[in-house]
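Enquirer: Please find one structure pasted underneath; my questions will follow.
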Amino acid sequence: MFSRCNLTSAASCCIPATSDTFMYPCTLQDTSGALRSVLDYSFATPLRQVQASQVYQAGNTRFRRVVNDLQNGKPIKIVAIGGVATNGTAASSPGINDFFALYVKYLKRAFPNAQIESVRNSAGIAPSAVVSQCLGSYMPSDADLVLLEMTANDAVGLDDSLLNGHNAKAYELLMRGILAGDKQPALILTQSMVPGMGNGSTPFYLTPEAPQYAALASYYGTPVVSMRDALWDSGTPTNNSGVITGAVLQDDGSTPTDRGHKAIADMLVYNTQRTAQDLALLPYGDYDTQSMAMTVPQTPVYGDVASEPSTVLSNSTCTWVRNIS
């Protein structure tokens, strides 16, 4: 467990509170106190593992815009789209201590002057092929930030997907739809554990987040945070190069428990803190507005996937959407 410090002056420095907590030196001069509430958060996940969860950051322009707006008290709409983790399944108090609720609670405390609206839309166990065809039912047109948690859903049939990229094609279609939103929403790929990864039956590498989704993140410049990377080193190793962790239900090795939800929240909070610190070093300006003016790449990685019936489900049941905001 570690905690980011409260800054009291430009020269303030954080020191360990107890033997089992960690607070590291404050290196930014926060003369306005703008970071004080942003850094006021206690992590349950060890620092090294939270850092490992920050798999890819890219230029981060869209999320810099969101955090800058939060700092300036502007209204922000944050949307979670995903499966059982997004649904809050297996949290002891869904809507209170699942990862999305914890993250939204943090944002409201960190940016008290901002008007934050949260929307949670769960696809259950439906894959990206369904969600991409029903995106209008999942994502409001005025979304500012989207947390996309589809890794576990798309892991079904993963062995075949490693060969033909079927899931990655549908996931790309979904990403493109989100990035083309009216407000140019920031997109954070929030990767949960795939089935079997937390009960020792699925190895570290057998997940669509690498290499397929990692390639898409790089192409579209979208940040990635990974539950797998946050929790792997704290699990109990197995003889087949897997791990067993209490952060997920052992029945499926994927659905987050309270500990797993806290880990996902931790990695999202850490990403937000890093972005706020980045804005302190390089304030939002021409670089960002010029980057925001860039459109979604015309050419998809996987070609014209929208026209392929094997990639999308044209008769998808969009009523599967469950809004439990």
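Enquirer: Taking the stated definitions as given, is Leu279 touching a Phe, Trp or Tyr at 6+ places or on another chain (Cβ under 7 Å), among the aliphatic types (A, V, I, L, M) and part of a helix (DSSP H, G or I)?
Expert: no
Enquirer: Count, please, the residues in region 183-225 that happen to be within 21 Å of Asn240 (Cβ to Cβ), under 17 Å from the mean Cα position of the chain (by Cα) and assigned to a loop (DSSP other than H, G, I, E, B).
Expert: 4
Enquirer: A follow-up question, please. What number of residues within region 104-156 are at pLDDT 95 or above and of a type in the set (Gly, Ala, Ser)?
Expert: Of the residues in that region, 5 qualify.
Enquirer: Could you tell me which residue of region 93-116 is farthest from the chain's Cα centre (by Cα), considering only residues that are assigned to a loop (DSSP other than H, G, I, E, B) and crowded, with 16+ Cβ neighbours inside 10 Å?
Expert: Ala114
Enquirer: Also, quick follow-up: Considering only residues that are hydrophobic (A, V, I, L, M, F, W, C) and under 27 Å from Leu216 (Cα atoms), look in region 48-73 and name the one that is most open to solvent (accessible area, probe 1.4 Å).
Expert: My answer is Val55.
Enquirer: What residue, of Ala168, Ala85, Ala180, is small (Gly, Ala, Ser), on the phi < 0 side of the Ramachandran plot and under 14 Å from the mean Cα position of the chain (by Cα)?
Expert: Ala85 is the lone residue from the list that is small (Gly, Ala, Ser), on the phi < 0 side of the Ramachandran plot and under 14 Å from the mean Cα position of the chain (by Cα).
Enquirer: Among what's in region 183-213 and is surrounded by fewer than 18 Cβ atoms within 10 Å (Cβ to Cβ) and among the hydrophobic types (A, V, I, L, M, F, W, C), pick the residue that is modelled with the highest pLDDT.
Expert: Taking the candidates together, the pick is Phe204.
Enquirer: While we're looking at this one, here's another question. Looking at region 226-264, which of the residues that are outside any loop (DSSP other than H, G, I, E, B) and among the charged types (D, E, K, R) is farthest from Ile188 (Cα to Cα)?
Expert: Per the stated criteria, the residue is Asp233.
Enquirer: Please go through region 250-277 and pick out each residue that is open to solvent by 60 Å² or more (accessible area, probe 1.4 Å) and in contact with a helix residue (DSSP H, G or I) (Cβ under 9 Å, 6 or more places away or on another chain).
Expert: Matches in region 250-277: Arg259 only.
The values are calculated or read from the model by the stated rules, or taken from the named source; none is laboratory data. These figures come from a predicted structure and were not determined experimentally. Methodologically, a virtual Cβ is constructed for each residue, glycine included, from the backbone with ideal geometry; neighbour enumeration extends over all protein chains shown. Heavy atoms of the whole protein, side chains included, go into the accessibility calculation; ligands, DNA and RNA do not. Shrake-Rupley method; radii C 1.70, N 1.55, O 1.52, S 1.80 Å.
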